[in-house]
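What follows is one structure encoded as structure tokens, with my remarks underneath.
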Amino acid sequence: MKISISQILVILLLFSSCKKRALSSFDTRELQGVWSGLLFQTEAKYDSIALLPVVLPQKAILYQNGKENTYDLKKIGDQLTFKGEVGLRFDATFSKDTQSLYGVITDALWSQSLQFSKAENKWVADIVKPEIIDTDYYVYLAFEEDTSGILKAKIQSNKENRVLHFTIDSVWIEGYDLYFNITNKRFEISAKFDEVKKHLLLSYGNAGGKREVILTKLPPSHTAGYRPRSDQNYTYRVPATVDASFETATLEEVGINPSMLALMPAMNSGKYEHIHSILVTKDNKLVFEEYFHGYDREYLHDIRSSFKSISSLLLGKAMMEDERIKINDPILHYYPEYTISDKDKQAITIHHALTMSTGLQLEDEDEMQWRNNDWVGYKLNLPMAYQPGEKYQYSSGGMNLLTGVLQKSTEKYLPLFIYEAMLLPMDIRKFQMRTSPAGRAYLPGDFYLRPIDFTKFGLLVLNEGRWNDQQLVSTEWISASTQPHIKSSWPKNADYGYLWRLLERNVGGKPMKTIEAWGNGGQFLIIIPEAKMTFTFTGGNYNLFPEMEEKPFEILEKYILPAVEIE
């Protein structure tokens with residue numbers, strides 16, 4: 001009998017597998033399941049802040065691991081502020097008449113909201129840890145045997161889809177040591193099984209160094225960070241009440257067929273990996289709100305470049321408060337500190353920044369953020385590639401030129417202005433955001449808030465700038481910013497407004513215009529005015545194209561939109 005080369009290879013593979021398994025000093029069936037440990041953890045530098053006395057604060061105390069750092073507060077009108085070392089600053093608005101206080105603290109280019117309460121003769125607020133990607137980053141190592149009895153391993157995390165970094169091709173065991181063949185040589189992992197303590201000691205190395213993490217085996221009911229959900233038996237429930245901002249309702253009450261809920265078994269199957277939340281509103285009512293991979297309503301999520309679209313709303317707010325701002329104002333009008341003689345650069349307007357058509361050469365974002373202290377100056381000093389308005393080019397640096405426009409519209413520190421003018425009226429009290437070394441807010445992304453609060457911006461647009469009984473952004477701006485102004489490059493030749501993508505989707509079989517905010521990793525806010533609906537997605541499929549778009553859009557177009565009953 002002739003044996004083919006492929007048959008020989010299979011025999012060698014099986015022999016090699018058996019040999020490696022024979023080298024094991026323990027029963028490898030003990031490995032099967034999901035193991036987890038905390039790989040990265042970012043802590044807050046400060047624990048809390050206190051202002052005193054309560055009637056008119058004059059001192060601020062920062063608490064750090066039991067130590068106190070005291071600062072004198074400077075009062076300018078209704079503002080309280082202090083500046084410390086290495087970019088530390090505190091900014092707040094205090095009303096002596098109503099005895100109300102709210103503010104932000106910024107440290108290491110990171111700003112966060114503070115929620116103050118009275119305690120004895122002082123105001124106190126907790127300072128929470130920054131919710132960046134390395135905060136509470138759990139690694140999951142899962143083992144199973146395939147049909148041939150060969151041990152397979154998969155690595156994943158609660159925060160992001162680790163397919164971006166590497167996958168595990170094979171695993172072998174020698175004694176109590178586990179070795180992994182992975183797809184990216186910039187990383188290195190190995191593990192050791194402790195038969196007494198029944199844990200794995202994972203050695204994880206990357207460009208930042210090597211660390212060791214103890215992994216423990218999870219019971220099936222505690223695998224929500226690894227799997228979309230631990231509980232596979234889904235029962236639909238009306239979302240919990242949010243606040244006075246908007247109501248909740250059942251799907252049927254707003255005309256959505258329960259057939260939409262077929263998406264949940266699909267989610268639980270792992271088909272749509274690393275979608276972190278899905279929220280649906282109709283007729284200003286929240287009707288669906290589900291979280292995955294261990295996320296919940298209170299978790300602040302990075303909305304990445306979706307914040308660009310919210311920045312468009314911020315500009316509309318600034319224009320309401322300062323009528324001197326005009327859409328065709330030259331950008332350089334808001335940066336008198338720069339001397340730029342190039343006539344083409346002098347012709348760049350607010351309109352061009354809003355439509356990604358400044359004409360400036362595309363920036364290297366890493367070079368801009370890590371090798372320059374002045375991100376605006378870096379962008380303005382790049383050469384012109386096109387005439388202003390000639391061509392759409394997606395550019396974070398280009399739209400960030402709007403920072404100066406917003407800052408000139410207010411006497412307040414920009415993160416405080418955002419908190420006071422836009423977020424608090426919408427009852428949004430928790431946010432974090434990046435700031436620049438030059439003391440400016442960063443508008444293109446790195447903005448963290450609850451998905452439920454992300455949804456509120458969709459309702460704001462849906463209601464033409466009104467929130468409850470307050471006109472937060474003018475109706476005229478909502479209309480102007482969501483009209484086509486240029487053709488974008490992705491989706492190819494799609495309409496683009498003022499930092500909004502303008503597309504079309506089928507709702508209940510009927511084509512309808514949409515207004516959409518997109519962010520890396522799967523952060524989407526989709527508004528359909530004709531259907532009076534909004535859809536919010538957050539996710540961790542960072543830099544995975546086209547998965548980061550295809551996964552949520554398939555859920556939307558296969559399960560949700562067909563279930564909308566059109567009268």
What is the gain in length, in nm to one decimal, between Thr28 and Thr70 on full extension, counting 0.36 nm per residue of separation less the C-alpha to C-alpha distance? 9.4 nm
Taking every pair of Cα atoms in segment 48-126, average 1/r, invert it to obtain the Kirkwood radius, and report Rg/Rh to two decimals. 0.93
Ordered by packing density, taken as the mean number of other Cβ atoms within 10 Å over each peptide's residues, highest first, how do 255-266, 442-453 rank? 442-453, 255-266
Sum up the charges of everything whose Cβ sits under 10 Å from the Cβ of Gly404, counting Lys and Arg as +1 and Asp and Glu as -1, but leave Gly404 out. +1
At q = 0.06, 0.08, 0.09 Å⁻¹, base-10 log of I(q)/I(0) for the chain (Debye sum, equal scatterers on each alpha carbon): -0.36, -0.63, -0.79
Taking 0.36 nm per intervening residue step and subtracting the Cα-Cα distance, what contour gain separates Glu530 from Lys59 on full extension? 164.3 nm
For the chain, what is the relative contact order in percent, using Cα pairs closer than 8 Å and at least 6 residues apart in sequence? 13
J(HN,Hα) series, segment 432-445, from Karplus relation 6.51 cos²θ - 1.76 cosθ + 1.60, nearest Hz, glycine and proline x: 9, 7, 7, 10, 9, x, 7, x, 9, 5, 10, 8, x, x
Between Lys154 and Glu43, what is the FRET efficiency for a Förster distance of 41 Å, r being their Cβ-Cβ separation, to the nearest 0.05? 0.90
Dipole size in debye (nearest 20) for segment 48-126 around its Cα centre, Lys and Arg Cβ +1, Asp and Glu Cβ -1? 140
Inter-part gap, Cα centre of segment 293-357 to Cα centre of segment 483-529, in whole angstrom, is 19
Taking 0.36 nm per residue of sequence separation and subtracting the Cα-Cα distance, how much length would be gained by fully extending the chain between Asp469 and Ala244, in nm to one decimal? 79.8 nm
Pairs to check: Lys74/Lys129; Lys412/Lys532; Lys75/Lys345; Lys122/Lys308; Lys317/Lys558. Give those whose C-alpha atoms are more than 30 Å from each other in this structure. Lys412/Lys532; Lys75/Lys345; Lys122/Lys308; Lys317/Lys558
The helix 5-22 Cα axis meets the longest alpha-carbon principal axis of the chain at an angle in degrees, between 0 and 90 and rounded to 10, of 90
When the charge dipole of the chain is computed with +1 on Lys and Arg Cβ and -1 on Asp and Glu Cβ about the Cα centre, the Cα farthest towards its positive end, among Thr183, Leu218, Phe116, belongs to Thr183
Angle check, please: helix 306-321 long axis (alpha carbons) against the longest principal axis of the chain (alpha carbons), in degrees 0 to 90, nearest 10. 10
Segment 200-247: relative contact order in percent, alpha carbon pairs under 8 Å with at least 6 residues between: 20
For segment 514-567, whose charge dipole is built from +1 on Lys and Arg Cβ atoms and -1 on Asp and Glu Cβ atoms, the candidate among Gly522, Leu556, Thr534 with its Cα farthest towards the positive end is Gly522
Pick out, in residue order, every one of the trypsin sites (Lys or Arg not before Pro) in segment 58-134 that is DSSP loop and has at most 15 other C-beta atoms within 10 Å; say none if there are none. Lys96
For segment 339-449, what is the charge dipole size about the Cα centre, in debye to the nearest 20, if Lys and Arg each add +1 at the Cβ and Asp and Glu each add -1 at the Cβ? 280
Using θ = phi - 60° and the Karplus relation 6.51 cos²θ - 1.76 cosθ + 1.60, list the HN-Hα couplings for segment 480-485 in order, rounded to whole Hz, with x at every Gly or Pro. 5, 6, 10, 9, x, 10
Quote the relative contact order of segment 19-71 in percent (integer), defining contacts as alpha-carbon pairs under 8 Å separated by 6+ residues. 21
Distance in nm between Glu145 and Tyr234 label points, each 7 Å along Cα→Cβ, equals 3.3
Magnitude of the Cβ-charge dipole (Lys and Arg +1, Asp and Glu -1) of the chain about the Cα centre, nearest 20 debye, reported as 860
State whether segment 349-495 is rounded, prolate or oblate according to the following rule on the C-alpha gyration tensor (a ≥ b ≥ c being the square roots of its eigenvalues): a/c under 1.5 gives rounded; otherwise a/b larger than b/c gives prolate, and the remaining case gives oblate. oblate
When each of Lys118/Lys430; Lys391/Lys456; Lys83/Lys118; Lys59/Lys96 is checked by Cα-Cα distance, pairs over 21 Å: Lys391/Lys456; Lys83/Lys118
Put +1 on the Cβ of every Lys and Arg and -1 on every Asp and Glu Cβ in segment 48-126; which of Ile49, Gly87, Ala60 then has its Cα farthest towards the positive end of the dipole? Ala60
Is the shape of segment 158-200 best called rounded, prolate or oblate, per the rule: a/c under 1.5 gives rounded, else a/b larger than b/c gives prolate, else oblate, with a ≥ b ≥ c the square roots of the Cα gyration tensor eigenvalues? oblate
Place a label point 7 angstrom from the Cα of Thr216 along the Cα-to-Cβ direction, then list the residues of segment 27-49 whose backbone nitrogen is under 18 Å away. 31-41
Among 190-198, 132-140, how do they line up by average Cβ neighbours within 10 Å per residue, starting with the highest? 132-140, 190-198
For Leu286, distant residues with modelled amide H under 5 Å away: Glu247, Thr248, Ala249
Per-residue Cβ neighbour rank within 10 angstrom, fewest leading, Ile168, Ile428: Ile168, Ile428
Taking a ≥ b ≥ c as the square roots of the eigenvalues of the Cα gyration tensor of segment 202-317, is the shape rounded (a/c under 1.5), prolate (a/b larger than b/c) or oblate? oblate
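Read the figures in this text as sums done on the coordinates, not as results from a lab. Bear in mind the structure is a predicted one, so any value in this text is a computation, not a measurement. Ideal geometry is used to build each Cβ from the backbone, glycine not excepted, and the neighbour counts take in all protein chains shown.
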